[in-house]
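Asker: The structure under discussion is supplied below as structure tokens; questions concerning it will follow.
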Amino acid sequence: MEVDLIFKIAGIGIVVAVLNQILSRTEKSEYAMLTTLAGVLIVFFMVIPEIKELFEEIRELLEF
């Protein structure tokens, strides 16, 4: 796992948190929820290849 990926996830988290606060204070809670959901999905799609690689390495390790 690369440190770069961790920084990207943290950056997305900060941006989503700021947008969520701004939208919540302007009483647009529906958009705030959609922004949070979009942030979670973006991070999820960034992490999926890493999880796939982990499972492939575990499978190779356990093969006899």
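Asker: Using only protein heavy atoms and a 1.4 Å probe, report how much of M46 is accessible, in Å² to the nearest 10.
Answerer: 50
Asker: Okay, next question. Quote the charge dipole size of the chain about the Cα centre in Debye, to the nearest 20; the model charges only the Cβ of Lys and Arg (+1) and of Asp and Glu (-1).
Answerer: The dipole magnitude comes to about 500 debye.
Asker: A further question on this structure: Going by accessible area, probe 1.4 Å, with all protein chains left in place, what is the ranking of T26, T36, largest first?
Answerer: T26, T36
Asker: Give me the accessible area per residue for the chain, probe 1.4 Å, as a whole number in Å².
Answerer: 87
Asker: Which three extents, in whole angstrom, do the alpha-carbon atoms of the chain cover along their principal axes, largest first?
Answerer: 59, 21, 10
Asker: Another question, if that's okay. Farthest toward the dipole's positive end in segment 18-64, which of T26, I51, T36, given Cβ charges of +1 (Lys, Arg) and -1 (Asp, Glu) about the Cα centre?
Answerer: Checking the options against the dipole of segment 18-64, the answer is T26.
The values are calculated or read from the model by the stated rules, or taken from the named source; none is laboratory data. Everything quoted here is computed from the prediction, not taken from an experiment. With ideal geometry, Cβ positions are generated from the backbone for all residues, glycine too; neighbour counts draw on all protein chains shown. Areas reflect the complete protein model, heavy atoms only, side chains present, ligands, DNA and RNA absent. Shrake-Rupley method; radii C 1.70, N 1.55, O 1.52, S 1.80 Å.
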